[in-house]
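This report concerns only the one structure given below.
Every number here is computed from the coordinates shown, using simple stated rules; none is lab data. Fair warning: this is a prediction, and the values are worked out from it, not measured in the lab. Quick reminder, even Gly has a Cβ in these numbers, built from the backbone with ideal geometry, and neighbours come from all protein chains shown.
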């Protein structure tokens, strides 16, 4: 099994101090922080989880942050489920996208990336990292992609789904160009809802956490439509875009709508050569967690068949978050299981069979 | 096959179209740059009155992400949902396999004839 969304964390954001240059180190040492001395600078989302976001059984013995203790992560996830690779997505780092101070955000994600490379990747050959970037400064983000793009342990570029504009906007193209150049997929993980980023729902802010969490898929819809419409996959035909933790069952309906409207109004985007659904099939991948849970699983499978779920979905557990999916409990058609649990991610990230590694 | 007189040629100057009952079928007769074409006035998408929509050009396909308008007068945009069809072939310019029915046209002694039942 390849797990495409594993949240390694820090006990204190102060682990980043050695990785920051003196100017930005000063911000972290003496500046205002949203959650006290150990917290990471970000503009917190306005929806607070009433139970604290983490699996209750994932707190390390020393009381630290879930996901911060390698041995517990190994025992609860890597060994328990015989994980072949775990794609680390960090935890708070993508929230740097919410900061108005883009240079600070870029410095923080650079530090977080170096910390992941130094402190996590050497721990276990099953771990792979993500190059987190702060998209509010596309030039700095592109530079970060190029700085780390050839590191063998870093397998994707990572942004939050929360953003100031939909990701097809030419404002972001320097980042995608850099990703295409280094040959890495781009992943957008649920998060970054707050600060300078756009409201995640078009009708205004929802009230409750669970209500909001269910609706955050809306940002994924906006990014998929925008990336396709702006011709990002015509500009960079090798690019893959992975939506992480943004739901899956909405995608077929969105693509049906995009195809229908494109057929009438293609003149707005004459650079497109194919239907939106055809670009999606080739370039968009989705992580499964949290997979929708209908009363009758056949209803979900019928919908996922419409997006060739067998070849477009990649398993993710989201360990150690509260909405974790257990790979042994997740219900999928038997004939899709091997591709979704490992082979789609293997192709996406170019991961060799572990037997060949050993 | 039957040849049915649809209209006088002078009724359809270049860039224009008329719609006529041709042997019980509603048919649009178009003049594209001096050549006449006939399309069934029924859109293959959802059955709308295809030939009653605007005769237009469109944004030309591009490889360099630049806008260029062209093909003026070569396309008809269905009156209902706006799908664009090539008047000369009846084909949708988004998906070629979606095709409006076309009829052969003959012009003789100032009259336009549509060949139906072929």
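What the table shows:
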item: Burial order of peptide ranges A:332-340, A:277-285 (average beta-carbon count within 10 Å, highest first); result: A:277-285, A:332-340
item: Relative contact order (%) - criterion: Cα under 8 Å, at least six apart; region: the stretch B:2-116; result: 27 percent
item: Average beta-carbon neighbours from other chains, 10 Å sphere, peptide B:63-72; result: 2
item: Chain A: relative contact order as a whole-number percent, Cα under 8 Å and 6+ apart; result: 19 percent
item: Top of A:189, A:321, A:213 by mean-square fluctuation, Gaussian network on chain A, Cα under 10 Å; result: A:213
item: Bridge type composition, chain A - antiparallel percent by DSSP, nearest 5; result: 5 percent
item: Rounded Å value of the spacing that divides the Cα centres of the stretch A:166-194 and the stretch B:56-118; result: 39 Å
item: Approximate spin-label separation residue A:282-residue A:201, in nm, with each point projected 7 Å along Cα-to-Cβ; result: 3.6 nm
item: Alpha carbon Rg of chain A, scaled by the compact-globule rule 2.2 N^0.38 Å; result: 0.94
item: Per principal axis, descending, Cα span of the stretch B:2-116 in whole Å; result: 47, 28, 19
item: Relative contact order (percent, whole number), the stretch A:208-358, Cα cutoff 8 Å, 6+ residue spacing; result: 22 percent
item: CD proxy at 222 nm, helix term only [per DSSP H run n ≥ 4: -39500 (n - 2.57); per residue of chain A; nearest 500]; result: -9500 deg cm²/dmol
item: Highest average packing first - A:218-224, B:77-83, A:254-260, Cβ atoms within 10 Å; result: A:218-224, B:77-83, A:254-260
item: Fewest-first ranking of A:241, A:171, using other Cβ atoms within 10 Å as the exposure measure; result: A:171, A:241
item: Taking A:243, A:77, B:39 and counting other C-beta atoms within 10 Å, the order from fewest to most; result: A:77, A:243, B:39
item: A:133, A:83 arranged by Cβ crowding within 10 Å, fewest neighbours leading; result: A:83, A:133
item: Per-residue average of Cβ from other chains inside 10 Å of A:268-276; result: 4
item: Highest to lowest packing among A:191-198, B:5-12, scored as the average C-beta count within 10 Å; result: A:191-198, B:5-12
